[in-house]
Amino acid sequence: MRARVSDYINLNVKRKLNLQFSLPYSEPCIFNCPYCVARNHRHGSRFNIDIPKMLAKLESVQDDYHHIIFTGENDPSQHQPLIEKALKRIQFIEQVEVSTRNINFFIDGVLMSYSLSSSADFIKLKSKGYPKYRAVFMAHKGLDFKKLDLSGVYQATFKQLHKTEDSGANTWIRRNKISTRKLVREVNKLIAKYPECSIRIDLTCQNAKGRYKILRSDGFIYDSWETSVPNSLL
Ligand code: SF4
């Protein structure tokens, strides 16, 4: 039976939310993805940086969350020492994911989640021989689905591109976005070919409602990436 879009979307409504640990903005991202949603946020100028408070908060709330994801307004590989410090404060390390564009960056024992925009990037990632990782494909017209050999890959996610606050990125997205129908069709073929790989589509990655909260560099938790008002001052 053919799968529908709703079969792939993980709404997480009955489970605990995920917590996105937003690494502090200190310098621009070393990558320059044309679809970047973070490029124009400049949250670094809106939120204080209080690392001890941030780490203490992470430690105290970790049990309330299903999954902890290291992310930010630049690539997490730009914050390796802080990630290592944070990992020491987390008890259940298997619930941790590190999201990165940097295929040379690997931390053993957590789920590394590599953001990829071409089949060539994916081939390079596979050649690294990492034991377990998630391949996160930015689905756009230039992604050659036929060249994606998902054998041996633990998880693969296909993300649909979304409008950002950056007009340059939006122009690129308008020209390169593929339709949901085409995305489902291509992913269906991959599911049939690689049944051992856990494959999903993410159409709503920017929508925090019912999915995740954000722990920012000031040590407070926020309900979305857009708000500058924490959900509690405790
Ligand atoms: S790696 Fe992430 S933060 Fe950096 S440019 Fe790409 S999408 Fe933006």
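The values are calculated or read from the model by the stated rules, or taken from the named source; none is laboratory data. All figures in this text were calculated on a predicted structure; none of them were measured in a lab. In this analysis, Cβ positions are derived from the backbone assuming ideal geometry, glycine residues included, and neighbour counts consider all displayed protein chains.
Scanning region 69-119 for residues that are aliphatic (A, V, I, L, M), within 16 Å of the ligand (Cβ to nearest atom) and more than 13 Å from residue 23 (Cβ to Cβ) turns up 103, 112, 116. Taking the criterion of being at pLDDT 85 or above and either within 7 Å of the ligand (Cβ to nearest atom) or among the aromatic types (Phe, Trp, Tyr) (or both), the residues of region 31-40 that qualify are 31, 32, 33, 35, 36. Here residue 160 meets each of (1) at pLDDT 95 or above; (2) in contact with a Cys (Cβ under 9 Å, 6 or more places away or on another chain); (3) closer than 19 Å to residue 71 by Cβ; (4) not acidic (Asp, Glu) with one exception, condition (1). For region 86-96, indicate whether the set of residues that are in a helix (DSSP H, G or I), among the hydrophobic types (A, V, I, L, M, F, W, C) and at pLDDT below 95 is non-empty. Yes, the conditions are met somewhere in region 86-96.
Listed conditions (1) out of contact with any Pro (no Cβ under 8 Å at 6 or more places or on another chain); (2) within 16 Å of the ligand (Cβ to nearest atom) are all met by residue 48, apart from (2).
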